[in-house]
Structures are given as C-alpha cells and as structure tokens.
Amino acid sequence: MTTRTRLTIKALLLLLVLSIVVLVVLASWRPSLTRWQAFLLPAPAPATPLQITWLGTATVLVSDGDNAIMTDGFFSRQSLLQLATGDIEPDLARIEAGLARVGLDRPGALDAVVVLHSHYDHAMDAPEVARRTGARVIGSESTANVSRGWDLPEVQIHVPEAGEVMQFGRFELELVPSAHVPMLPFIARLTGHGETIDAPLRPPAPVSAWKEGQSYALVVRHPQGRLLIQGSAGFAGGELAGHEVDVALLSTGSLGRQSSRYISRYFEETVLTTGAHTVIPMHWDHFFSMLDRNTHPLGPLLDDFHGAMDGLRQQSEQHERDFRMLEPLATFGLEDGRLTGD
Ligand SMILES: [Zn+2]
C-alpha cells in the first residue's frame, strides 16, 4: 500500500467518524422552550366554560363539562428505532394512561375522536380511544379503514359528507378538506403522501401502512368560543373561506423546513382567512418520546423548531394577532370567544 493510499484511507475514516459525531449531536439536540416562556398561556380557572388541552402531536381535547371531543387521540408515540426496525401497533398501556390522565378512562367520557389524516401519528390509536370511551371515530374513508381493521363497530365510524355539520351537545364540528405539509420526497413516499388506505388495516403493520388519506382542518363552534384545529401545516388554498374562528391551533411539524413565503401563505390561509385573534402552534413536540411537561421540541434533524415559531410570531406581529405557546399537557380556557386568565 502506498503512502498516498494509506493517507486517503485515514482521511476517509476520519470523515466517517466526524459525520457520525455530527449526526449523533444533531439527533440528540433538544431545542429549548426557554425562549418562548413569555408566550406561555396561563392555566384556566376551574370554572372556565370551555377548556382546551393539548396532548402532544395534533391531539387536542376540547370539553365544556357536558361534552368532550378530541382530535386524533394519539398516545402510542413509538420511538424512531421502533418505527425503523419493525411493525407497529397501538400501545394499549400508553393509551390507557393517556386517557386516564385527562379523566377519559370510562365509557361515555368522549363524544367524538376526529382524525385529521390517516398517518400513524394521527389515526392509529383513534379506534382504541373510541372503544374505551364510546366515542365515534370521525374522518376520511382511510380512517374508517383504520377503525375497521381494529374491529370497531360500524355504528362508531363516521365519514362525513362535504360541508356536513356534526352536533354534540353545544358543539358543532365541521371537517374541512385541506392539505398535508410538503415533505422530503423519500419521506413522502414512505408515508403514502396523497395515497389512501383502501382496505381494513390490521396492526401490527409497518409505519408505511398508515397512508395519509384526506387531510383536514377541523372547525369547532361552541357558544363560548370557536377553534380551528389544523392537523398538518398544509393548505389547499381558500378552503377555510367563510369559516370564522377565535383561536387557530396550527400544526407546525416540518413548517420550519418551508420557505418564509410558504409560512406567510400558511398564516394567511388559516389565521387571516378565519379572522382568528390568537395563534397557538402545536405538533412541534418530539413525538418519538414519551409525553410529559418536559417533552422537548423536534430537533434539527427533523425540523427547524425556532424557525417555525419565529415565522408564526413575526406573521402574528405583522397582522396584530396574539401569538401564544402551550406546553404539552397544558390547558387553556375560552369564555365568550376570549382567552381566560390573561
Ligand atoms: Zn402526516
């Protein structure tokens, strides 16, 4: 072996080791919430008529004391290693604990679990949440097939017609077809971007089995306040015209990877179109780890968390909207369309 070959091999080995070190550092980097402390919403007083709790990803519980609805109902939160190395299925212990934590671990506790698209981190646990609480699973035909694969009775599965308004007590719900955030081509292929689940999906199955299906925005209307719950940081364009809300809960996963032009369009289509006075980001948590108050945001390998928050905060300032943050598991309140406790 010549000296030159030996040097080349050494240089390549050094490069390999450096690349691994950089990857490990990036993968374990945890963006801090400290920068956003000043924007945290206060907890509501116990008597607040409408209470909204963020349970990580796009899982949001909305309750007025008489009725309760939830989006997605995802609690399993498999690790990246589990997702990469094997088939996945709902984690019954985590679902049970997740429901118990918010007092929903009994039949009749929840009226509806509304699935905002059919990727595993939105749809996978919904039929088990429905089975335990008696809720109906509401969503696309793909989500209906996720429910059928879990043997949820047909009476608990509902695919709404376009424009259908669903009533639960004083709640009115409307699912508005929207779009998913753009993803890197290989992730889009892996996760069935734009594809549907056309037969009952029986877990365990590879993560790629939970294809996107139709992506939705959910509009929740209640005499005490109106919410937009946007399941993914995407928009079709004009779909929310004519819908008015007070608070927009916006998914931000992958938003930090988009251009500033995209972020301002996202803001326009969701916040400006609906007239929301308050913007609250969600689905920024590292959902490959357990959920608690200290669950950190997605790291730099997966998203640009601070970039996304800065983008939405700047848009909010420019358009005179209130930009607020919620920690995972935190609750805020609405009364007559205004935030309580401020
Ligand atoms: Zn998705």
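The values are calculated or read from the model by the stated rules, or taken from the named source; none is laboratory data. This one's a predicted model, so the numbers in the text were calculated from it and none came from an experiment. As a convention, Cβ positions derive from the backbone with ideal geometry for all residues, glycine included, and neighbour counts pool all protein chains shown. Remember, those area values only see protein heavy atoms, side chains included, never the ligands or the DNA or RNA. Shrake-Rupley method; radii C 1.70, N 1.55, O 1.52, S 1.80 Å.
List every DSSP H helix in the chain whose Cα atoms extend 15 Å or more along the helix's own long axis and whose mean Kyte-Doolittle hydropathy is at least 1.0.
Membrane-span-like by this criterion, though nothing is claimed about a membrane: 3-28.
Would you work out if segment 49-337 is rounded, prolate or oblate? Take a ≥ b ≥ c from the square roots of the eigenvalues of the alpha-carbon gyration tensor; rounded if a/c is under 1.5, else prolate when a/b is larger than b/c, oblate otherwise.
Rounded.
Do you know the relative contact order of segment 80-140, to the nearest whole percent, from alpha carbon pairs under 8 angstrom that are 6+ apart?
35 percent
Please give the peptides 299-312, 4-17 ranked by average Cβ packing (other Cβ atoms within 10 Å per residue), highest first, as a rough proxy for protection.
Ranking, from highest mean packing down: 299-312, 4-17.
How large, in percent, is the carbon and sulfur part of the accessible surface of segment 49-337 at a probe radius of 1.4 Å?
Whole-percent figure for carbon plus sulfur exposure: 49.
Heavy-atom accessible area per residue, the chain, 1.4 Å probe: how many Å²?
Per-residue value: 44 Å².
Using a 7 Å offset from the Cα along the Cα-to-Cβ direction at both D322 and H277, what is the distance between the two label points in nm, to one decimal?
0.7 nm
For an R0 of 41 angstrom, estimate the FRET efficiency from the Cβ-Cβ distance between R6 and L26 and round to the nearest 0.05.
0.85
Using only alpha carbon pairs under 8 Å that are at least six residues apart, calculate the relative contact order of segment 49-337 and give it in whole percent.
For segment 49-337, the relative contact order is 19 percent.
In terms of the Cα gyration tensor, with a ≥ b ≥ c the square roots of its eigenvalues, is segment 27-132 rounded because a/c is under 1.5, prolate because a/b exceeds b/c, or oblate?
Oblate shape, in that a/c is at least 1.5 and b/c is the bigger or equal ratio.
Taking Cα centroids, how far is segment 61-108 from segment 241-306 in Å?
So the separation of the two Cα centres works out to 21 Å.
Please tell me the relative contact order of segment 233-342 in percent, rounded to the nearest whole number, where contacts are Cα pairs under 8 Å and at least six residues apart.
After rounding, I find 29 percent.
Ranking request for peptides 232-242, 80-90: highest mean number of other beta-carbon atoms within 10 Å first, then the rest in descending order.
Highest-to-lowest ranking by the protection proxy: 232-242, 80-90.
Add -39500 (n - 2.57) for each DSSP H run of 4 or more in the chain, then divide by its residues: what number comes out at 222 nm, to the nearest 500 deg cm²/dmol?
-8000 deg cm²/dmol
Using the basic label-point model (7 angstrom from Cα toward the beta carbon), what is the L15 to A97 distance in nanometres?
4.4 nm
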